[in-house]
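Undergrad: Would you mind keeping the following structure in view while I ask a few things?
The values are calculated or read from the model by the stated rules, or taken from the named source; none is laboratory data. Everything numeric here is computed off the predicted structure, so don't read it as measured data. Backbone-built Cβ (ideal geometry, glycine too); neighbour counts: all protein chains shown.
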Amino acid sequence: MELNSKCPTGAIETRWDRHRFNLKLVNPANKRKYTVLVVGSGLAGGSAAATLAELGYNVHCFCFQDSPRRAHSIAAQGGINAAKNYHNDGDSVYRLFYDTVKGGDFRARESNVYRLANISLNIIDQCVAQGVPFAREYSGYLDNRSFGGAQVSRTFYARGQTGQQLLLGAYQALEHQVGKGTVQMHARTEMLDLIVVDGRARGIVSRNLITGKVETWFGDAVVLGTGGYGNVFFLSTNAKGCNTTAIWRAHRRGALFANPCFTQIHPTCIPVSGDYQSKLTLMSESLRNDGRVWVPLKGGDKRTPSQIPENERDYFLERKYPSFGNLVPRDVASRNAKMVCDEGRGVGETGLSVYLDFRDAIQRLGAPVIKERYGNLFDMYNRITGEDPYNEPMRIYPAIHYTMGGLWVDYNLMSNLPGLYVIGEANFSDHGANRLGASALMQGLADGYFVLPNTIGDYLASNKLDKLDDSHTAVKQAVANVQDITKRLLNANGKRTVDSFHRELGKIMWDYCGMARNEQGLKKALNEIPALREEFWKSVKVLGSGEELNQSLEKAGRVADFFELAELMCRDALDRNESCGGHFREEYQTPEGEAARDDEHYSYAAAWEYQGPGKSPVLHKEPLSFDYVHPAQRSYK
Ligand SMILES: Cc1cc2nc3c(=O)[nH]c(=O)nc-3n(C[C@H](O)[C@H](O)[C@H](O)COP(=O)(O)OP(=O)(O)OC[C@H]3O[C@@H](n4cnc5c(N)ncnc54)[C@H](O)[C@@H]3O)c2cc1C
C-alpha cells in the first residue's frame, strides 16, 4: 500500500493557501444535501461539528458522556499556544513551526506543522470573539506565559482552566447549531463499529448507553475526534473515560494506526501514592514558569526541604540545560527526573518524586501574584496531598499524559479509508515523537475550526455515494459484530473484575513500554499481553445486562480494545530501533543519556495495517523529509 500524504510542495509559507485553492468546493445550496457524522464533542469534535453545521452541512454529533461539556478537553489546564508575538520577544510563525518540528524530534511532517503554526493566529482571534476569558495584562492586552521547549512566551491561558473555557466556547457554538436544528446531538451514545461500504466510511454502529439499544447511523463522511488512548496504562492524567475504542475499531476495519508507541510522559504530576489508586493528577506545565525543580545532592537525604541548604540542592534541569532550564520539553524533563530517582536521590516516602519549589518566586513576586497565576492548581495539590505548596515544595513525578500516535491521516486529515477523517488527539498528525506543552488544544481547534471544514468539501464534491440502509451486508456485519462482542463479554461469567485486568495490563505497559523501553522488556510484554488477554476473555466478570445502563460492560469493551492496542504499541516500540522524543529505547542513547535518533533508518511514520485476530499487523512506512528544519541532535543546553 502506498501512503500518499497529499502534502503540497513549494514554498512552505503558501502551501496551505495554494492547497485550499485547489480543493473542490460544495456550493452553499448543496451543502444541506450532505450528512456528516462527527464522533466526539471535545475541542476537536465540538469545533468541527459546530463549524460544519455553520457551513450548511447536516451534522450528527456523538459523545459517550451525558453532555458535550464533559469531554476530557475540559481538564486541560495550562494554556494554548499561538505565535502572536504579543510580548515582542522574537516569536513568529516560523519559530513556532521550528520549535514544534524540533520538539517532536523530527518525526512529524513539516507541511502539517507549518500549517498548524500559521493557523494558531486565527484560533486565538476566533476564541476571543467567542468570549473565551483569556488572562489579560493590566493594559488589557492578552497575557502570555512560557511552556516547555520554547524560549518565548506564546501560551495564552485562562488561569489553570484553559481547556474548560475553550470548551465552553466550542460548546456554545455547537449548541447554537443544535438550536437551529443543523446538529443533532447524541449524548450517552458510544460508537462501537465503523460501517465501511466499498472501501469507504459510510456510517457507524452505536450503543445507547442508557437503554443498550444498538443503532446504525449513515452519512457521507465520518469524522472521529475521539481523543487519546493514554489510559491503556491504567494510571494516567487522562479522564477515566478516555479510551481507544472508536479508533481501534476503525483500525480493525482497515484504517492504519500510526506511531502507536509515541506516548508522552508528563514530568509534573502528583506522584503515585498507593497500590489501589485509579487516577493520576496533572500539575500543569505552566508551573515550571516559576517553580524550580530540584533534589538533594546526596542520595538518601531524609531532611525536610527547608532543612536542606542551597549548596546541598541539585537544580538538575538548570544545571544540565542552562538555556532552557526548568522549561526543557517534557520528554527531557521526565527522563531527568527518572534518572535522579534511579540514582537514589528522589524524595518523599517512595523516593519516586522530585521537588517543584516556589519559594524563590514567592519571595520575588509575593504570594498574591503566585495565587493569581496558579491559585486553583495550588488548591488542588493541597486537597489531594494535604501539603501546602505556598509553604513547602510540591512533589512531582512523571506520568502518562498524551498520545502522539493515532490513526494515520493525510494532509487533508483523511485516513487511508476514503470518507473517514480523524482530528485532534485521535490522529497522529502534528507532534512527531513528542508534543510541546499547550500545543494539543491548538491542534484540536486548528483541525476542527479551520482544516477539516476546508478539506472535507473536496471529498464530498468529488464522490457520488449511493443511499445506504440496514439491509446492506456490511451494515448487518457491523451490527452483528457489536452484538457479538457484548454477548461474549456478558457471557464470560468469570471471577475477575474488569479493573483488575486493566490494572495488570497497565503495569506491564508502564514497566516495559513506559518512560524507558528495551528489547528484552518489550519482548517480555509481547508474551505477557496475549496471555493476559486470553485470561480476560475467559475469566472476566461483567455484572448486569446489555439492556440497561451498565458501566461495567462499557469498561469491559474498552479494556478488550486496550489489550489489542497494547500489543501493537509494544510491537511498534520494538520495531523502532532508535530513541526519539518520548520513545526512549535504552539501547540507543548518547553518552550524556539523551535520545539517539537513527535518521538513516527510521525517519518515517510507521503506519500499521490490521490483518485479523491473532495475525501480525503489516507495517507501512511514510518517509519524512525536512526541507526547512534540518534534523540535528536536539539540544536544550
Ligand atoms: C490533565 C490534562 C491537562 C491538559 N492540559 C493541556 C493544556 O494546558 N494545553 C494543551 O494544549 N493540552 C492539554 N492537554 C491535552 C488536551 O487536553 C487533549 O489532547 C485534548 O483536549 C484532546 O481533545 P480531543 O477533542 O481530541 O479529545 P477529547 O476532549 O478527549 O474528546 C473526545 C470526545 O470523543 C468522545 N468519544 C470518544 N470515544 C467515543 C466513542 N466510542 N463513541 C462516542 N463518543 C466517543 C468523547 O465522548 C468526547 O466527547 C491536557 C491533558 C490532560 C490529561
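Undergrad: With the structure loaded, tell me whether S429 is among the polar types (S, T, N, Q) and either more than 12 Å from the ligand (Cβ to nearest atom) or at pLDDT 95 or above (or both) or whether it fails that test.
TA: no
Undergrad: Only residues that are touching a helix residue (DSSP H, G or I) at 6+ places or on another chain (Cβ under 8 Å), of a type in the set (S, T, Y) and more than 16 Å from the ligand (Cβ to nearest atom): list them for segment 79-109, please.
TA: Matches in segment 79-109: Y94 only.
Undergrad: Would you say M191 is more than 30 Å from D99 (Cα to Cα), within 9 Å of the ligand (Cβ to nearest atom), touching a residue at least 12 places away in the same chain (Cβ under 8 Å) and not in a loop (DSSP other than H, G, I, E, B)?
TA: yes
Undergrad: Now for a separate question. Please pick out the residue among Y321, Y315 that is without any contact (Cβ under 8 Å) to a residue 40 or more places away in the chain and buried (at least 16 other Cβ atoms within 10 Å of the Cβ). Break it down into steps so the answer makes sense when it comes.
TA: Working: Y321 fails: without any contact (Cβ under 8 Å) to a residue 40 or more places away in the chain.
Within the list Y321, Y315, the selection yields Y315.
Undergrad: Follow-up question, since we're still on this one. Looking only at segment 2-13, which residues are surrounded by 12 or more Cβ atoms within 10 Å (Cβ to Cβ) and over 24 Å from the mean Cα position of the chain (by Cα)?
TA: P8, I12, E13
Undergrad: Among the numbered criteria (1) modelled with pLDDT of 95 or more; (2) within 30 Å of I247 (Cβ to Cβ), which one does A361 miss?
TA: (2)
Undergrad: While we're on this one: Residues that are under 20 Å from the mean Cα position of the chain (by Cα): find the strands (runs of 3 or more DSSP E) completely inside segment 211-295 holding 1 or more of those.
TA: Qualifying strands (runs of 3 or more DSSP E): 221-224, 263-269.
Undergrad: Further question: Here is a check on your reading of the model: is R252 more than 11 Å from the ligand (Cβ to nearest atom) and either on the phi > 0 side of the Ramachandran plot or in contact (Cβ under 8 Å) with a residue 24 or more places away in the chain (or both)?
TA: Criteria met by R252.
Undergrad: Of these, G225, G241, G230, which one is within 13 Å of the ligand (Cβ to nearest atom), over 19 Å from A478 (Cβ atoms), surrounded by fewer than 19 Cβ atoms within 10 Å (Cβ to Cβ) and modelled with pLDDT of 95 or more?
TA: The unique qualifying residue is G241.
Undergrad: Let me ask you something else. May I ask you to verify whether N112 is out of contact with any Gly (no Cβ under 9 Å at 6 or more places or on another chain) and within 16 Å of the ligand (Cβ to nearest atom)?
TA: Spelling it out, N112 is indeed out of contact with any Gly (no Cβ under 9 Å at 6 or more places or on another chain) and within 16 Å of the ligand (Cβ to nearest atom).
Undergrad: If we scan segment 167-180, do we find a residue that is more than 10 Å from the ligand (Cβ to nearest atom), under 20 Å from the mean Cα position of the chain (by Cα) and at pLDDT below 95?
TA: Within segment 167-180 (the criterion being more than 10 Å from the ligand (Cβ to nearest atom), under 20 Å from the mean Cα position of the chain (by Cα) and at pLDDT below 95), the answer is no, since none of the residues qualifies.
Undergrad: Just wondering, is there one or more residues in segment 468-482 that are more than 11 Å from the ligand (Cβ to nearest atom), at pLDDT 95 or above and touching a Phe, Trp or Tyr at 6+ places or on another chain (Cβ under 7 Å)?
TA: yes
Undergrad: Related question: So which residues in segment 533-567 are buried (at least 20 other Cβ atoms within 10 Å of the Cβ) and among the aliphatic types (A, V, I, L, M), if there are any at all?
TA: V540, V542, L553, A556, V559, A560, L565, A566
Undergrad: Follow-up. Tally the residues that are crowded, with 24+ Cβ neighbours inside 10 Å and either more than 15 Å from the ligand (Cβ to nearest atom) or on the phi > 0 side of the Ramachandran plot (or both), restricting the search to segment 272-294.
TA: Number of matching residues: 3.
Undergrad: How many residues does segment 594-630 contain that are among the acidic types (D, E), in contact (Cβ under 8 Å) with a residue 12 or more places away in the chain and out of contact with any Asp or Glu (no Cβ under 7 Å at 6 or more places or on another chain)?
TA: First, pick out the residues of segment 594-630 that are among the acidic types (D, E): 594, 598-600, 609, 622, 627.
So of that shortlist, the ones also in contact (Cβ under 8 Å) with a residue 12 or more places away in the chain come out as 594, 598-599, 609, 622, 627.
Right, trim to out of contact with any Asp or Glu (no Cβ under 7 Å at 6 or more places or on another chain) and you get 594, 599, 609, 622.
Looking only at that region, the number is 4.
Undergrad: Can you tell me which residue is nearest to the chain's Cα centre (by Cα) among those in segment 488-512 that are closer than 16 Å to K279 by Cα and among the aromatic types (F, W, Y)?
TA: W510
Undergrad: Let me ask something else about it. Would you kindly identify the strands (runs of 3 or more DSSP E) lying entirely within segment 325-436 that contain at least 3 residues that are over 30 Å from A48 (Cα atoms) and in contact (Cβ under 8 Å) with a residue 24 or more places away in the chain? Break it down stepwise before answering.
TA: Details: elements: 354-357, 394-403, 420-422.
Per the criteria, 354-357, 394-403.
Undergrad: Specify the residue that is nearest to F450 (Cα to Cα); the eligible residues are those in segment 52-66 that are of a type in the set (A, V, I, L, M) and crowded, with 24+ Cβ neighbours inside 10 Å.
TA: L52
Undergrad: Would you confirm whether any residue within segment 68-78 is farther than 30 Å from V629 by Cα and more than 16 Å from the ligand (Cβ to nearest atom)?
TA: Checking segment 68-78: not a single residue is farther than 30 Å from V629 by Cα and more than 16 Å from the ligand (Cβ to nearest atom).
Undergrad: Before we move on, is V542 modelled with pLDDT of 95 or more, within 20 Å of Q277 (Cβ to Cβ) and more than 23 Å from the chain's Cα centre (by Cα)?
TA: So V542 fails the test.
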